[in-house]
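Quick notes on the structure that follows.
What follows draws every value from the coordinates through simple rules; no lab data is involved. Computed from a predicted structure; not experimentally measured. Neighbour counts are summed over all protein chains in view; Cβ atoms, including those assigned to glycine, are modelled from backbone coordinates with ideal geometry.
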Amino acid sequence: MENSFQYDLEVFPIPTIVCDWVAAWRFRERAGQGFSSKAISSEEVAGLLAATIPLAANASALELFGAAAAADLNNPDCFRGAFIDWFRDALGVVGSGAKTEWGETIVHALDGRATPVIGSARSVIGPSGNLDQMIWSFIDVSRLKRAEAEAIDARRAAEDANAAKSIFLATMSHEIRTPLNGVLGMAQALESDALSPLQRERVAIIRESGEALLAILNDILDLSKIEAGRLELEELEFDLTHLANGAHSAFTALANKKQLSFALSIEPSAAGRYRGDPTRIKQILYNLISNALKFTEEGEVRVRVSRVDGELHLAVSDTGLGIPEDRLPALFAKFVQVDSSNTRRFGGTGLGLSICRDLATLMGGRISAESTFGEGSRFTVTLAIPRIGDATDAFEPADEAASNPAALPRLKVLTAEDNTVNQLVLRTLLQQIDVETTVVGNGRLAVEAWSAEPWDVILMDVQMPEMDGVSAARAIRSAEAKAGRPRTPIIALSANAMSHQIAEYLAAGMDGHVAKPIDVRKLFAALEQIATNAHASAAAGSPALRATSHESAPRTASA
């Protein structure tokens, strides 16, 4: 019998063992008495397993167990632990003449080495028609398990590296924005002074260079958030005509300077109110218009807004340099530029179009490019965002806050800011509207200053030593509630301006937010809004204030 099985088994490419049927037969007898496989203890199963004698094994089975012959496998150490549970299930199936499904288990070689396998068992019917033998087949999955473990380790390492990168970029963002706040803040302050034409030109260069550096920083941070899957899209109601006109107006001066025709057309079917992320849509539009103007020396740039089959189309075309056909396939790749030579005429990081593509994709849309080298290009963004109604005269987007500093009342302002450069910037900007501010260096001192006397508004940095701005705001709101003291408006000042971070500031009791580097128009608009709300609340006899957020202007990524 063994020889015949040995001959037959060698045709099997996987480890295969033939055992006698004694254990299975006894098991079937027990089952006939009302027992199920789960009702028999592990000790009983181990006893049945010990009575199951291996009769034959092919070469791959002997290699798996490190055995010289099938008789060597009559060793309980080879079949223990997890194998007992597998054997119990196998007996319950083959005892009825069926074949088991493949299931995971572990076998042990004679030297004690454990090997993960998936195994199957089936019965062999003898000449008499009885169940004579049982065949075990195994597939060694140790390499697969190692590959899975390595993949898990690699994924964890990648996640750790990505988390470290995100922390690094967030830290660098804060550290870079701090000196940028000084550069841009003081440049804005200087522009309001009486300057000679030459001085004004130099200050403009300082400001424009700082804004260009800020745009590059924002590009890198956007790219990092997109790669990490952490870029958040907002769902806000906005007026498309207002958005498109704002983008067109922002670049009209540049187009006039280059003596280019710059037209905007909005089809009636596309006009109206939509729900989506207006900041990111504007960012895409700004990037495309900026690129078109940059690469066009003569002729025109046209922006066309339409709606086709329920989808919004934003198209920007130009009569510029155009793109060689062989460069089009890689146009939206990261850090790719049409001309990357040392003699290239146009700068940029090569991130702008890549970010536009990613933003469009995140919004369920797409972006495409058509170009003829030497004649011009056309970029089309298609977005499947819902149109929720017609435009109304009363509709005014929240992100376009106007400010009239001259109309602001004299305010008593407390500023909590630990950085000396930022302290000087805030003092200088507020002096322009005849507002003196008391400055403290951390949140704890801000709470103490608030406790000592009333203030019209508090400008609160978020990241500070001893006590951060969020904790200070919570402490002030708690103390107000206990003492029945009127609510003091608190405006957060922070480079951390993602929507969930702003939500945290507002949840802590802050009433508004101005992003760093500080745009003086946004700061004055926030103060004006606070003053307006305070006046309205006083008239209504209520201390409630409407929370506001004044973000930085929509970003134009470097092409």
Open item on the list: I need the trypsin sites (Lys or Arg not before Pro) found in the stretch 178-281, filtered to DSSP loop residues with at most 16 other beta carbons within 10 Å of theirs.
Closed with: Arg230, Lys258
Open item on the list: Is the C-alpha gyration tensor of the stretch 181-269 telling us rounded, prolate or oblate? Criteria: a/c under 1.5 is rounded; beyond that, a/b larger than b/c is prolate, otherwise oblate.
Closed with: oblate
Open item on the list: Rounded, prolate or oblate, given the Cα gyration tensor of the stretch 154-227, with a/c below 1.5 counting as rounded?
Closed with: prolate
Task: Centroid-to-centroid separation of the stretch 216-288 and the stretch 361-383 [C-alpha atoms, Å] - done: 14 Å
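Tell me, what is the Rg over Rh of the stretch 422-526, with Rh the Kirkwood radius over Cα pairs?
Here Rg/Rh amounts to 0.94.
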- [ ] Would you mind getting the Kirkwood hydrodynamic radius of the stretch 236-389 from its Cα pairs, rounded to one decimal in Å?
- [x] 15.8 Å
